[in-house]
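A short reminder: the numbers here are calculations on the coordinates, not readings from a lab. Source: prediction; values computed, not measured. FYI the Cβ positions are ideal-geometry reconstructions off the backbone, even for glycines, and counts take in every protein chain you see.
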Amino acid sequence: MTAPVIEIRNLHKAYGTLEVLKGVDISAPAGHVVSLIGSSGSGKSTLLRCANLLEDSQQGDVLFCGEPVTWKGKGLARHPADRAQMIRIRTNLSMVFQQFNLWSHMTILQNVMEAPLTVLKRDRAEVEAAARKYLDKVGIADKCDVYPAMLSGGQQQRAAIARALCMEPKALLFDEPTSALDPELEQEVVKVIKDLATEGRTMLVVTHDMRMARDISDHVVFLHQGLIEEQGSPEELFTNPKSERLRGFLSVTQTT
Ligand SMILES: Nc1ncnc2c1ncn2[C@@H]1O[C@H](COP(=O)(O)OP(=O)(O)OP(=O)(O)O)[C@@H](O)[C@H]1O
Ligand SMILES: [Mg+2]
């Protein structure tokens, strides 16, 4: 069996004295969609950021396609030891943020082309063809030459997804991709994410949208105060939650 694209084992993460992750294991096998749900402050974003090494962690392992991250230092001083490895992992795990984070001084096409050109040093003509293909895929091929401020939130988020895809990553990480959007714009982004799931993309998705989590996930993880409280298939988790905390969480968030 091939190794999961992302695997995290017994991860501990603190900000100073605040313990945010207290020993978390999570795995995203190739072609699977894993959703992370939980209350505000439970550590979901922190976990995503630790997975792609945007944050350091103090204990535990992070593996990318079976390859463990090598560390130097201990405790709060622990960092990835190998910068080339860190960059390779980070560029293979493209992240999509709640607030889109597009560069406002670049056109949409330039936004999508920037990292493949500057970080991966790929050929400009090839990158442009790929960028146009992905902008077409997310339904905004006609927006190539405009600036982010001229797009709706839903269009901006779809541009951010095209930008993530243009890195040709091994997995996509989403942090609340629809939370900043009005309901109707949210649906156009949900549709794009659903299509990516159907295509067999490997994805780790933090979301408050329980309907989307239910529709797209192979596995759902409920995080509570830095620990996994419950996990399972969407059917198990959403129709037959076992823990009192998950039941409480779902009773206030579930829309169906
Ligand atoms: N850079 C930071 N410095 C200090 N504390 C932080 C930092 N980032 C997050 N935290 C704290 O870590 C905890 C977990 O935060 P995190 O952002 O991972 O939660 P979350 O589950 O993503 O919440 P939300 O649903 O609101 O996005 C919170 O208590 C938060 O205040
Ligand atoms: Mg968060």
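Each Cα pair of the range 1-124 feeds into the Kirkwood radius, which the Stokes-Einstein equation turns, at 37 °C and 0.692 mPa s, into a diffusion coefficient of 205 µm²/s.
Roughly what % antiparallel, to the nearest 5, for the DSSP beta bridges in the range 6-253? Can you show the working numbers first?
Numbers: 22 of 38 bridges.
For the range 6-253, the DSSP antiparallel bridge percentage is about 60.
Computed over the Cα atoms of the chain, the ratio of the radius of gyration to the Kirkwood radius (Rg/Rh) comes to 0.97.
Note that the range 88-104 has calculated 3J(HN,Hα) couplings of 4, 5, 5, 6, 8, 10, 6, 10, 10, 9, 4, 9, 6, 6, 7, 7, 6 Hz, one per residue in order, obtained from phi through the Karplus relation 6.51 cos²θ - 1.76 cosθ + 1.60 (θ = phi - 60°); glycine and proline are x. For the chain, the relative contact order comes to 25 percent (Cα pairs under 8 Å, sequence separation of at least 6).
Simple rule: put +1 on each Lys or Arg Cβ and -1 on each Asp or Glu Cβ in the range 6-253, find the dipole, and look at 178, 58, 233; the Cα lying farthest toward the positive end is 58.
Could you line up 87, 140 from fewest to most neighbouring Cβ atoms inside 10 Å?
Least to most surrounded, the residues fall as 87, 140.
Of the Cα atoms belonging to the range 57-195, the radius of gyration and Dmax stand at 16.7, 50 Å. Based on DSSP H segments of at least four residues, each scored -39500 (n - 2.57), the chain has a per-residue ellipticity at 222 nm of -11000 deg cm²/dmol. With a/c under 1.5 counting as rounded, go ahead and sort the range 124-191 into rounded, prolate or oblate using the C-alpha gyration tensor (a ≥ b ≥ c being the square roots of the eigenvalues; past the cut-off, prolate if a/b is larger than b/c, else oblate). In terms of gyration-tensor shape, oblate.
Taking amide H as placed 1.01 Å from N in the peptide plane, the amide H of residue 59 sits under 5 Å from that of 12, each at least 5 places away or on another chain.
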